[in-house]
Amino acid sequence: MDKRLPSQIGQRIDPLRPIIGLRGSLAADVDMDPHSHPRGQLAYAAEGIIRVYTDEGAWVVPPSQAVWIPGNTLHRTTAEVNAELRHLFVDPDFLSGLPNQCSVVDVSPLLRELIMRVADFGIHYSADSPASRICAVILDELQALKASLLYLPGAQDRRLLRVMKAMIAKPNAELGLNHWAATVGASERTISRLFTRETGMSFQQWRKQLILQEAVDRLGSGRAVIDIALELGYRSPSAFVAMFRKSLGKPPGQYLKELS
């Protein structure tokens with residue numbers, strides 16, 4: 001895997017510019033070098049899926065979510081598939097009240113649009129400008145962020161990483177552990193044990209979280225429930241809706257409306 005040096009934006013100390021956005025891309029075969037910076041970071045991919053690693057763990061993050069990384073936290077980022085990045089970096093003077101540990105958060109449609117705007121501002125916008133006022137709104141939004149129910153832990157073991165990557169490429173509720181173990185040439189027992197040890201979840205729990213993430217992303221893109229259900233391996237929309245309601249406490253349409 002190719003290596004890439006991280007941006008230096010997170011190193012800039014400038015309270016007059018509380019938030020600096022980053023627009024970029026990350027190919028699936030590129031690994032960002034481990035690094036830290038004084039600014040806190042909201043790591044977000046507008047397209048694609050990224051994986052964020054810290055000493056606390058690893059997280060798999062689709063476009064409906066982001067990872068909050070506190071300032072001075074050693075971390076690195078890779079992409080499961082080619083990703084379009086839109087990160088936010090928050091000056092240390094504005095970190096009070098924001099989480100002091102890494103967490104996966106849901107990205108509402110409003111926050112997503114704000115992130116996309118800030119990524120175009122650059123690092124030299126004036127302190128009293130439309131850009132500055134948008135950044136003030138973002139700070140309010142960041143204060144209100146809540147940990148996502150769809151947290152999907154990553155892993156370090158290479159065999160398990162291969163299974164996860166294959167599952168992400170083809171999320172399907174019907175494909176069992178035997179299918180994915182055979183894909184990487186490992187025993188079911190080994191992969192089952194690795195899921196529990198490295199993620200704290202069983203294979204079935206991790207698969208369900210992946211399916212839910214995919215469902216939320218596709219709902220947010222305007223896809224019909226019946227199409228999503230069939231694409232994700234459910235034989236009927238009613239079975240998919242029942243699983244969704246049991247897991248998240250509400251049917252897909254209501255969940256998406258409240259997330260907005």
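The values are calculated or read from the model by the stated rules, or taken from the named source; none is laboratory data. Since this is a predicted model, take the numbers as computed values, not measurements. When we count neighbours, we look across all protein chains shown, and the Cβ atoms used for this are built from the backbone with ideal geometry, even at glycine.
Going through (1) free of Cβ contacts under 8 Å to residues at least 60 places away in the same chain; (2) surrounded by 14 or more Cβ atoms within 10 Å (Cβ to Cβ); (3) under 30 Å from Arg189 (Cβ atoms) one by one, Arg158 falls short only on (2).
Within the range 137-190, being more than 20 Å from the chain's Cα centre (by Cα) and of a type in the set (A, V, I, L, M) holds for Val137, Ala173, Leu175, Leu177, Ala181, Ala182, Val184, Ala186.
For the range 63-85, give me each residue that is touching a helix residue (DSSP H, G or I) at 6+ places or on another chain (Cβ under 7 Å) and over 18 Å from Ser221 (Cα atoms). Correct list: Gly71, Glu80.
Hey, among the residues in the range 118-139 that are without any contact (Cβ under 8 Å) to a residue 24 or more places away in the chain and either in the same structural domain as Ala181 (by TED's automatic domain parsing) or among the aliphatic types (A, V, I, L, M) (or both), which one's surrounded by the fewest Cβ atoms within 10 Å (Cβ to Cβ)? For the range 118-139, the residue satisfying everything is Val137. Within the range 179-235, restricting attention to residues that are in a helix (DSSP H, G or I) and hydroxyl-bearing (Ser, Thr, Tyr), the residue that is farthest from Val61 (Cα to Cα) is Thr190. Of the residues in the range 189-196, at least one is surrounded by fewer than 17 Cβ atoms within 10 Å (Cβ to Cβ), farther than 25 Å from Val241 by Cβ and touching a residue at least 12 places away in the same chain (Cβ under 8 Å). Listed here are the strands (runs of 3 or more DSSP E) enclosed by the range 1-117 that have at least 1 residues being among the β-branched types (Val, Ile, Thr) and not assigned by TED's automatic domain parsing to the domain that holds Tyr255: 19-26, 30-32, 50-54, 57-61, 65-69, 75-79, 83-90, 103-106. Among the residues of the range 207-234, those identified as touching a residue at least 40 places away in the same chain (Cβ under 8 Å) and under 30 Å from Ile191 (Cβ atoms) are Arg207, Gln209, Leu210, Ile211, Leu212, Gln213, Glu214, Val216, Asp217, Leu232, Gly233, Tyr234.
Only one entry in Val137, Val105 is modelled with pLDDT of 90 or more and under 30 Å from Ser192 (Cβ atoms), namely Val105. Whether any residue in the range 58-76 is aromatic (Phe, Trp, Tyr) and touching a Ser or Thr at 6+ places or on another chain (Cβ under 6 Å) is what I want to check. Yes, the conditions are met somewhere in the range 58-76.
The set of residues from the range 144-176 being part of a helix (DSSP H, G or I) and either assigned by TED's automatic domain parsing to the domain that holds Pro99 or within 19 Å of Ser192 (Cα to Cα) (or both) comprises Arg158, Arg159, Leu160, Leu161, Arg162, Val163, Met164, Lys165, Ala166, Met167, Ile168.
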